[in-house]
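All remarks here apply to the structure that follows.
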Amino acid sequence: MNIGIIGIGSFLPDNRITNIDLEKRMDTSDEWIRTRTGIEARHLADADLSVADMATHAAERALQSAGVSIEDIDAIICATATAPSFPATACLVQANLGAKQAVAFDVSAACSGFIFAMDTAKSMMLAKGLKRTLVIGAEKMGNLIDWDDRSTAVLFGDGAGAVVLGEDQVAAIDSIVLGSDGTGGKFLYENEEGKIVMNGREVFKFAVRKMPDIVLEALQGAGKSIDDLDVLVPHQANRRIIDAAIERLGLQEEKVVVTIQDHANTSAASIPLALAEAVKHGKISNGQTVVVAGFGAGLTWGASCLTWNNANITEEINA
Ligand code: UT7
């Protein structure tokens with residue numbers, strides 16, 4: 001059974017906050033945020049828009065783009081670090097969509113969560129013969145932002161992205177690599193007040209080291225090399241981390257999808273949101289080799305090599 005992506009969808013909340021808006025709220029500047037991170041704006045959900053709501057919207061769009069009805073979904077797996085821990089966001093999505101026959105649960109691997117969820121879904125499909133699964137990355141980072149800490153408050157945004165996995169692939173999943181190093185847990189965590197605490201420099205150093213390695217590992221796992229890479233969709237945490245990866249891998253900038261300016265860091269939603277954006281703007285063509293790669297709290301990391309078979313996939317973004 002050859003498993004791949006058969007549909008993709010994404011969702012961003014309407015409420016868009018620019019760096020200039022943040023200047024009015026705290027001691028920061030548009031110039032600092034742009035030059036240190038590449039971020040210009042982020043979407044932050046209103047109080048009445050939950051992680052499950054955003055996940056549901058993205059999932060509906062992914063189902064639509066796959067041309068698959070909810071009755072055909074055997075499992076819903078949601079990667080999130082910002083929803084209440086129970087009930088699982090995936091269960092709320094299941095209820096919202098009426099996916100009665102699906103098994104639903106969440107995975108927790110912070111910003112790498114989407115890749116972990118994709119691997120879990122693929123493994124379950126192979127081991128249990130599930131035919132179609134829904135994989136979601138959804139975050140309301142606004143829930144965790146400490147507005148008294150300017151070094152983290154400016155970095156994050158909310159949103160959701162989803163893919164449907166199945167056999168008649170639009171994009172074949174040729175390899176997935178995952179890893180974690182719990183000794184780095186102290187560098188990025190949620191404190192007892194439920195707010196983000198981060199040692200930015202340590203996470204930055206780790207990310208700059210890890211990103212190129214996992215891109216190469218994912219390519220190698222698919223029997224390919226860096227010369228075969230057509231499109232890189234990296235986790236959107238910091239433009240400088242992406243630039244460092246581009247340089248170390250010797251990539252042309254046009255091959256790399258960058259959405260951080262508009263989305264900021266949306267943790268587990270970042271990769272599917274960026275992938276959806278690339279699809280929407282026709283940045284991926286038939287036959288191309290695409291690598292998605294991310295890292296995050298845990299510390300965790302993950303990457304996957306895809307072969308794109310059908311660039312005509314529709315993506316219902318912010319319809
Ligand atoms: O998804 C994975 C999670 N996270 C990441 O990948 C983040 C990785 N780390 C980073 O992206 C960067 O480390 C940051 C963007 C978080 C910080 O950039 P930096 O170049 O490492 O800055 P810094 O923390 O060394 O701070 C430099 C200066 C400090 O001032 P002094 O001590 O030099 O006077 C900070 O107080 O910038 C100051 N600063 C700010 N100034 C204006 C920190 N935050 C802000 C701010 N506005 N928002």
**Asked** From the residues 50, 37, 99, which one has its Cα farthest along the dipole of region 4-166 in the positive direction, the dipole being from +1 and -1 charges on Cβ of Lys/Arg and Asp/Glu about the Cα centre?
**Response** 99
**Message:** Please compute the length gained on full extension between residue 1 and residue 225, using 0.36 nm multiplied by the number of residues separating them and subtracting their Cα-Cα distance.
**Reply:** 78.2 nm
**Prompt:** Mind listing which chymotrypsin sites (Phe, Trp or Tyr not before Pro) in region 97-167 are in a DSSP loop and have 16 or fewer other Cβ atoms within 10 Å?
**Reply:** 147
**Request:** Anything in the chain that counts as a DSSP H helix reaching 18 Å or more along its axis (C-alpha) with Kyte-Doolittle mean of at least -0.5? List them, would you?
**Result:** 51-66, 113-128, 200-221
**Straight-distance crosslink candidates among lysines, where the alpha carbon sits under 18 Å from residue 283 and sequence neighbours closer than 8 are dropped** = 255
**Request:** Let me see the pair-distance distribution of the chain: every alpha carbon pair, 10 Å bin width, integer percents in order.
**Result:** 7, 30, 38, 21, 4, 0
**Message:** Can you tell me which aspartates and glutamates have their Cα less than 13 Å from the Cα of residue 280? Leave out same-chain residues fewer than eight positions away.
**Reply:** 315, 316
**Asked** For the chain, what proportion of DSSP beta bridges, expressed in % and rounded to the nearest 5, is antiparallel?
**Response** 70
**Asked** When the chain is fully extended, how far beyond the present Cα-Cα distance does residue 192 get from residue 168, taking 0.36 nm per residue of separation?
**Response** 4.1 nm
**Message:** Set the bar at 29 Å for Cα to Cα. Now go through 100/140; 128/195; 122/224 and name every pair that lies beyond it.
**Reply:** 128/195
**Fill in**
Dividing the mean separation of Cα pairs under 8 Å (6+ apart) by the residue count of the chain yields a relative contact order in percent of 27
**Complete:** Here the percent of antiparallel bridges among DSSP beta bridges lying wholly in region 4-166, to the nearest 5, is 65
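Values quoted throughout were computed directly from the atomic coordinates according to the rules given, and no laboratory measurement underlies them. Computed from a predicted model, the values in this text were never measured in an experiment. FYI the Cβ positions are ideal-geometry reconstructions off the backbone, even for glycines, and counts take in every protein chain you see.
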